[in-house]
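Asks: Okay, here's the structure, questions in a sec.
Bear in mind that the values in this text are calculations on the coordinates, not laboratory data. Keep in mind that this is a model prediction, so the values were computed, not measured. A quick note on method: Cβ atoms are made from the backbone with ideal geometry, for glycine too, and the neighbour counts reach across all protein chains shown.
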Amino acid sequence: MAEEFKVLGVCGSLRKASFSMAALRACKDMAPAGMTISIATIGDIPMYNQDVFDAGVPESAKRFYAEIAAADGVLIATPEYNFSMPPVLKNAIDWVSKMPKQPFDNKPIAVFSASQGPLGGARVQYDVRKVLVQLWGLVLPRPEVFIGTAQTKFDAQGKLTDETTRKFLNELLAGFKTWIERMRAAKPK
Ligand SMILES: Cc1cc2nc3c(=O)[nH]c(=O)nc-3n(C[C@H](O)[C@H](O)[C@H](O)COP(=O)(O)O)c2cc1C
């Protein structure tokens, strides 16, 4: 039987009506055969502080570490804040990056962005990629998905209504599944 890949979804917005989260939920619902997506909680991870780290890593950060470590891949959906990464996302990455055997090493990762601006967060994606590549994450190069003017692509309940966006997300998920298989095959024994 073909293997089922477990993918951890991570959202860079804490907002209840977040378009990035709405798109991540749409991905969960449309995951291709052989892939299941669960969505992490990162909003309860405190701001990174080396003193807190040294006194004992908070349970929320340990939980996030364990979820990444157990996942076959990580799917990041994020808005763009002032051309870059929202602090909640960078903070969560920073915490786990300091733990022994940081979990992004050799981990297949896919990134997409959503914003209310026309570019769909085109700039934030390169910051997310830069940070994760630095941690030896295996970031899917393409397809790139930027959900621009996101406020026109979901209904009031946060359901994805734009068929073109659905098609792009489907292509991203299919490409990510192939990427996970490819990275597995390339992994040094
Ligand atoms: C602090 C802040 C900075 C923002 N900067 C940008 C930006 O640089 N580019 C952009 O397209 N949208 C920017 N926005 C608007 C976001 O696209 C919009 O708020 C979006 O809905 C946030 O994502 P979410 O719906 O997932 O919460 C910014 C919003 C905030 C709160």
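Asks: Looking at region 5-186, send over the antiparallel percent of its DSSP beta bridges, to the nearest 5.
Replies: Here the share of antiparallel DSSP bridges comes out near 10 percent.
Asks: Of the GluC sites (Glu not before Pro) in region 110-189, which ones lie in a loop per DSSP and count no more than 14 other C-beta atoms within 10 Å?
Replies: Sparse-neighbourhood loop GluC sites (Glu not before Pro): none present.
Asks: Pairs of Cα atoms under 8 Å, at least six residues apart: use those to get the relative contact order of region 5-186, whole percent.
Replies: 24
Asks: Evaluate E = 1/(1 + (r/R0)^6) for Lys62 and Thr36, where r is the Cβ-Cβ distance and R0 equals 22 Å; express this FRET efficiency to the nearest 0.05.
Replies: Once rounded, the FRET efficiency stands at 0.45.
Asks: Which of the aspartates and glutamates could a cross-linker span from Lys187 if the Cα-Cα distance has to be under 12 Å and same-chain partners fewer than 8 positions apart are dropped?
Replies: Qualifying aspartates and glutamates at Cα under 12 Å: Asp105.
Asks: To the nearest Å, what is the center-to-center distance of region 47-77 and region 132-189, using C-alpha atoms only?
Replies: A separation of 22 Å, based on Cα centres.
Asks: Each label point is 7 Å from the Cα along the Cα-to-Cβ direction; what then is the distance between the points at Lys187 and Lys130, in nm?
Replies: The answer from the label model is 3.0 nm.
Asks: Note the full-extension length gain between Asp162 and Phe83 as 0.36 nm times their separation in residues minus their Cα-Cα distance, in nm to one decimal.
Replies: This chain segment gains 26.0 nm when fully extended.
Asks: Something else: Only four residue types carry charge here, +1 at the Cβ of Lys and Arg and -1 at the Cβ of Asp and Glu. Report the dipole size of region 5-186 about the Cα centre in Debye, rounded to the nearest 20.
Replies: Its charge dipole is roughly 280 debye.
Asks: Can you tell me the length gained on complete extension of the stretch Asp155 to Lys6, counting 0.36 nm per residue apart and subtracting the Cα distance?
Replies: Result: 50.8 nm gained on full extension.
Asks: Then there's this: Can you show me the helix-derived [θ] at 222 nm for the chain, built from DSSP H runs with n ≥ 4 at -39,500 (n - 2.57) apiece and divided by the number of residues, rounded to the nearest 500.
Replies: Result for the chain, helices only: -13000 deg cm²/dmol.
Asks: With 26 Å as the limit, write out which pairs from Lys101/Lys159; Lys16/Lys90; Lys62/Lys107; Lys6/Lys159; Lys16/Lys62 have Cα-Cα distances beyond it, or answer none.
Replies: Beyond 26 Å: Lys101/Lys159.
Asks: Right, here's the next one. If I model a spin label as a point 7 Å beyond the Cα along the Cα-Cβ vector, how far apart are those points for Met99 and Arg142 in nm?
Replies: Once both label points are built, they end up 3.5 nm from each other.
Asks: Now for a different question. Given the options Pro108, Ser60, Phe154, identify the residue whose Cα lies farthest towards the positive end of the charge dipole of the chain (+1 on Cβ of Lys, Arg; -1 on Cβ of Asp, Glu).
Replies: The listed residue farthest towards the positive side: Pro108.
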